[in-house]
Amino acid sequence: MHDEKLENFRKTRLDEMTIAEMQQEMTSGHLTSEELVLMYKETISVRNKDTNAILEINPDALPVAQALDFERQQTGPRSMLHGIPILLKDNIDTADKMHTSAGSLAFENHYALRDAKIVERLRQAGAVILGKTNMTEWANFMSENMTNGYSSRGGQVKNPYGEFDVGGSSSGSAAAIASNLAAAAIGTETSGSIINPAAQNSLVGIKPTVGLTSRTGIIPISHTQDVPGPIARTVADAVALLEGIVGVDSQDAITALAKPFENYNWSKHLKKEGLNGVKLAVARSLFKEITAEQAELFEKALMTLRDCGAEIIDDINLGVHQEDLGFAVLLHEFKVDLNAYLEQSNPNQPIRSLTDVIAFNREHPERTLKFGQNLLEQANELSGTLTERAYVEALERNRFLAAERGMKKTLEEVGADALVLPQEYGCNIGAAAGFPSITVPFGYEQTGQPFGITFSGQAFTEPVLIEYAYAFEQQTKGRRKP
């Protein structure tokens, strides 16, 4: 950078800087949002080639930051996110000069007509939308053979820690934040797509309860399981971002359940003693395929939890196996939800249905079908009416096995407050139930591959899960930058 002061700050202080530290610097007048944006843009230009995490930068980011700096001088900050540069996964609509494509070349020229509801909330909180992140194409619902982090529009996202799986499908959001390309990012999850990449990139990921955050304006897979949530380097940063997107949305009926959490003080749950007296259950049947080294790290994590005052209720029978839940709900809902999104998208966009997506890919196979599109084709063969017995039975089974029997009844019977799991193992149980999970960095395997611990609880238990995650993070300080 030509500005020596900024270049020195970028090289010596910007990496791993927390949102609270950025706010402190801006409040004191030592730093501006404009300068933050300039430094992050410089860092992206230098580092993004190593991870391929960023698809595009928001052309309006700098003037927005300048306007927010002026507003801070006049009336003070709007929230903890005022002037903070945030990245968005490429399936989240923004009514600006950026595209929203879900990583697909079929949709690469699509401009959304309006902001997603969570983007509205972020802008109202004063966040600077810095750019869009690469992702596994169609949120990993294009082909069973697709590599995590690959999209035909953006190519392959790489893990900044080495030749490891980057995780899917919020891959770019995770790799970008691990590489310090922004303060924090928004990902989306249907089944593991926040928790998995966060764990793989030594980050904190919060997969909220379905209903806590709006899905309006997000390219969908499943109205039963989809949910956006934060990916950050610390629990406090993830909580600040979560606070910015929580709330009721009249266009997303399930968010009526978020009413008690509007204007809620989430930061009060950042408690160092948050694990004291807590009972955490371990369901070992969910991670039978764990490696010996991961198992050893997990046992060390359990010892740490005990040292923090938690009681471990070991080897419980959750009453459900992951293979019991199947795939039918997502397969049936994808066609209905995606067609509705595409039909309501910008009329200048020629792709109006799942059939159009499949046809476009067949017309450009050398560019779009590196891994095939068997999931798109399977979904498109279904009626799109949600009347099939296979769908209704699967929906009822998932709700009963995952939510009622697996998480709710079992945790109550054993007297546990939540589950604790290694990495993302078992996360699809909570996803099928619509329940929340939080993953926190713990350490690294000998190869350098990140290893995290995940807490999963019942619906709308985010406040206590945050307490567990924060207490664990403060005890372990498990993250180191790549």
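I want to confirm something. Restricting to the stretch 368-390 and keeping residues that are more than 27 Å from the chain's Cα centre (by Cα) and surrounded by 12 or more Cβ atoms within 10 Å (Cβ to Cβ), which single residue is farthest from TYR341 (Cα to Cα)? Explain how you work it out, then say what you get.
From the stretch 368-390, those more than 27 Å from the chain's Cα centre (by Cα) are 381-390; that's our starting set.
Filter once more, so that each one left must be surrounded by 12 or more Cβ atoms within 10 Å (Cβ to Cβ): 382, 384, 386, 388, 390.
Values: LEU382: 17, GLY384: 13, LEU386: 16, GLU388: 22, ALA390: 24 Å.
Residue satisfying both the conditions and the ranking: ALA390.
Scanning the stretch 96-107 for residues that are buried (at least 17 other Cβ atoms within 10 Å of the Cβ) and assigned to a loop (DSSP other than H, G, I, E, B) yields a count of 8.
Taking the stretch 295-312 as the range and being out of contact with any helix residue (DSSP H, G or I) (no Cβ under 8 Å at 6 or more places or on another chain) and either closer than 30 Å to SER79 by Cβ or not hydrophobic (A, V, I, L, M, F, W, C) (or both) as the test, the residues that pass are GLU296, GLU299, LYS300, ARG306, GLY309, GLU311.
Checking each residue in the stretch 112-170 for being touching a residue at least 60 places away in the same chain (Cβ under 8 Å), part of a loop (DSSP other than H, G, I, E, B) and under 23 Å from VAL37 (Cα atoms) picks out ASP115, ALA116, ALA125, ALA127, ASN134, GLY154, VAL157, PRO160, SER170. If the condition is being of a type in the set (Val, Ile, Thr) and either within 17 Å of LEU14 (Cβ to Cβ) or crowded, with 19+ Cβ neighbours inside 10 Å (or both), then the stretch 28-84 contributes THR32, VAL37, THR43, ILE44, VAL46, THR51, ILE54, ILE57, VAL64, ILE84. Considering the stretch 315-384, the qualifying helices (runs of 4 or more DSSP H), each wholly inside and each with 2 or more residues that are within 30 Å of LEU419 (Cα to Cα) and either of a type in the set (Gly, Ala, Ser) or modelled with pLDDT of 95 or more (or both), run over 328-343.
Against the conditions (1) assigned to a helix (DSSP H, G or I); (2) of a type in the set (S, T, N, Q); (3) over 18 Å from the mean Cα position of the chain (by Cα); (4) closer than 25 Å to SER285 by Cβ, GLN458 satisfies every one except (1).
Looking only at the stretch 252-264, decide whether some residue is within 28 Å of THR18 (Cβ to Cβ), exposed (fewer than 15 other Cβ atoms within 10 Å of the Cβ) and either of a type in the set (A, V, I, L, M, F, W, C) or at pLDDT 95 or above (or both). Reasoning before the result, please.
Residues of the stretch 252-264 that are within 28 Å of THR18 (Cβ to Cβ), as a first pass: 258, 260-264.
In the following step, the residues that additionally are exposed (fewer than 15 other Cβ atoms within 10 Å of the Cβ) were identified as 260, 262-263.
Going one step further and asking which of them are either of a type in the set (A, V, I, L, M, F, W, C) or at pLDDT 95 or above (or both), we end up with 260.
Yes: the stretch 252-264 contains one or more residues that are within 28 Å of THR18 (Cβ to Cβ), exposed (fewer than 15 other Cβ atoms within 10 Å of the Cβ) and either of a type in the set (A, V, I, L, M, F, W, C) or at pLDDT 95 or above (or both).
The values are calculated or read from the model by the stated rules, or taken from the named source; none is laboratory data. Remember, predicted model here, so these are calculated numbers, not experimental data. No Cβ is skipped: glycine too gets one built from the backbone with ideal geometry, and neighbour counts run over all protein chains shown.
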